[in-house]
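The structure under discussion appears below in the form of structure tokens.
The values are calculated or read from the model by the stated rules, or taken from the named source; none is laboratory data. Just so it is clear, the model here is predicted, and its values are computed rather than measured. FYI the Cβ positions are ideal-geometry reconstructions off the backbone, even for glycines, and counts take in every protein chain you see.
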Amino acid sequence: MKRKFLYILLLGFIGLSSCQEDFMNLSPETSITSASFYKTATHFDQAVISAYNPLRSVALNGTIMDEMRSDNTFFTKYSGDRGPYLSTEVIAEFLDDETTGNWLSNRYNGDYSGISRVNTILARINGSALTESEKKSVSAEALFLRAFYYFDLVQHFGPVPLMLEEVTNEAQAFKPNSTVVAIYDQVIADVKQAIELGLPIPATFPQSGRATEGAAKMLLAYAYMSKPTREYALAEAALLDITKMNYGLLDNYADVFKPANKNSKESIFEVQYKEGTGGQNSDFAWRMIPKCSNTQFLMGVAANNYSGVSGGWNVPTQELIDSYESGDERLDGSMAIVEGTLDGEQFTATAVKNIAGYTPTSGKDYFPFIIKYFHPPYSTGSNTGDNFPIYRYSGALLLLAECLVKENKAGDALPYLNQVRNRAGLLPLAEATAENVADEMRHELAFENHRWTDLIRTGKAIEVMTKFGETMKTLNPWLLPTAFNITEDRLIYAIYFRELDVNSNLVQNPGY
């Protein structure tokens, strides 16, 4: 009986469709569909801009998964964070696993969202009305972004699935893990093709914020220096090319991060944000100030930062603060002190002071905090317009110095190392070593999501973080004995369990 009913119902639909030809056309004529969208240069420009959007997820998640995973920052313990922010704290303590959601799953999904958008662009471009020149420009930008997202994935999650086609059916959606080598090979191939297709070299500043040949060469160098079999000579060539472009250091370190200097000559690639409504804003500063009862004093506008976009995260460690050389202008250019009064867990801010040479005021409590993304007054709560740096020219100089030291060319590395030190107000060094290059990189790029992956790339992650963990357990007796148990498996994160449930072809990373 049920089959007969369905059959009659189907006949009814057929009859209706014969009377009204457009019955099954479910898309309103005023709507844009995928079938009608990918046609013009404007369409593809909008699609490419959309593919940049997941960079914001990478930047935000990196403040927890890269900076708080390292010895640069920790967090202020707050009793109200026992629930929703447990997933944040366990990352800093190396207690995360496949059930740790939020940051891990958001980053993983954010990267794949970007990859999916890029794959659609690349699949649709040949059927478009674009000129050959336009096709090359769009493809170059898209390939760079795909390479960037896969580099982020392989660094943080290891052998993830390699998706290189637009997904149009179920079989394409559920692929097994690739290999780390294959992913790095694809990253390098995509970047090289993007360069060959003609990514531009910036000639004027400020830049647009979109991908350039300089950004591609930076990504290429990082890939060559991070892959299982390193290729330093190729990385050196890419980095030397950057020094021949139009980049340069700004005169003052602190000026690099001011909103007025977005996309400056020192910027090679940065994530774009805009303060205000519309969802284009950043909120790093609100997360990095202490939780306090009078946020208006610090930010120019009041908002509750005990919950929601809450504060007290990415608190600079005392070890990092103490590690700066006397006279290093990057200390005051990166951090400051908030003084105030603490009543239980309620902090009231009363002053912001320089961190270099700071002496605690009698009767006052204080917290160090990051000021690279702190440029009040703001007009909306939990809302800022500060960009986030991905690659800077100073970072290119230091990466080149690291590369040259690895090639036993320490003499060639020294000028690049000292160029960065000179801007920081420091005396030049007499020689370049792996240790002092790494030290400069830590202080130059502090709080820019590089420290954790730098430690992995240089082979120091387990040693440095084990020692750091011992110190933190002494300072914070409430930390569990199992915290900071750092092994080779912990150099990448677990794949979130939901991905394994959805994709039976996917295998969890070892140790989780």
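Yes/no matrix, rows are residues, columns are (1) touching a residue at least 24 places away in the same chain (Cβ under 8 Å); (2) under 20 Å from PRO159 (Cα atoms); (3) part of a helix (DSSP H, G or I); (4) not β-branched (Val, Ile, Thr):
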site: ALA413; (1), (2), (3), (4): yes, no, yes, yes
site: LEU455; (1), (2), (3), (4): yes, yes, yes, yes
site: ILE462; (1), (2), (3), (4): yes, no, yes, no
site: THR466; (1), (2), (3), (4): no, no, yes, no
site: ASN485; (1), (2), (3), (4): yes, no, no, yes
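Any chance region 436-444 includes a residue that's more than 22 Å from the chain's Cα centre (by Cα) and at pLDDT 95 or above?
Kept after step one, since they are more than 22 Å from the chain's Cα centre (by Cα), are these residues of region 436-444: 436-437.
Remaining after also requiring at pLDDT 95 or above: 436-437.
Yes: one or more hits.
Is region 277-284 home to any residue that is at pLDDT below 95, in a loop (DSSP other than H, G, I, E, B), out of contact with any His (no Cβ under 8 Å at 6 or more places or on another chain) and at positive phi?
Looking for residues that are at pLDDT below 95, in a loop (DSSP other than H, G, I, E, B), out of contact with any His (no Cβ under 8 Å at 6 or more places or on another chain) and at positive phi, one finds at least one in region 277-284, hence yes.
For region 120-147, enumerate the residues that are in contact with a helix residue (DSSP H, G or I) (Cβ under 7 Å, 6 or more places away or on another chain) and surrounded by fewer than 20 Cβ atoms within 10 Å (Cβ to Cβ).
LEU122, ILE125, SER128, GLU134, LYS135, LYS136
Pull out all pairs, ordered by first then second residue, where Cβ-Cβ is under 6 Å, the residues are six or more apart or on different chains, the first lies in region 180-202 and is touching a residue at least 24 places away in the same chain (Cβ under 8 Å) and under 11 Å from ARG146 (Cα atoms), and the second is part of a helix (DSSP H, G or I) and basic (Lys, Arg).
Hits for this filter: ASP190/ARG146.
Provide a single number: the residues in region 304-341 that are more than 23 Å from the chain's Cα centre (by Cα), assigned to a loop (DSSP other than H, G, I, E, B), of a type outside the set (S, T, N, Q) and modelled with pLDDT of 95 or more.
Residues in region 304-341 being more than 23 Å from the chain's Cα centre (by Cα), assigned to a loop (DSSP other than H, G, I, E, B), of a type outside the set (S, T, N, Q) and modelled with pLDDT of 95 or more: 4 in total.
In region 132-183, how many residues are hydroxyl-bearing (Ser, Thr, Tyr) and over 27 Å from GLY209 (Cβ atoms)?
Summing the residues that are hydroxyl-bearing (Ser, Thr, Tyr) and over 27 Å from GLY209 (Cβ atoms) in region 132-183 gives 3.
Mind checking which helices (runs of 4 or more DSSP H) fall wholly inside region 80-192 and carry at least 3 residues that are modelled with pLDDT of 95 or more? Spell out the reasoning first.
Working: elements: 86-92, 103-124, 132-157, 170-173.
Correct list: 86-92, 103-124, 132-157.
Taking the condition of being in a loop (DSSP other than H, G, I, E, B) and over 19 Å from TYR393 (Cβ atoms), how many residues in region 418-437 meet it?
5
Here is a check on your reading of the model: is ALA413 crowded, with 20+ Cβ neighbours inside 10 Å, in contact with a Cys (Cβ under 9 Å, 6 or more places away or on another chain) and aliphatic (A, V, I, L, M)?
Working: crowded, with 20+ Cβ neighbours inside 10 Å: yes; in contact with a Cys (Cβ under 9 Å, 6 or more places away or on another chain): yes; aliphatic (A, V, I, L, M): yes.
Yes: the conditions hold for ALA413.
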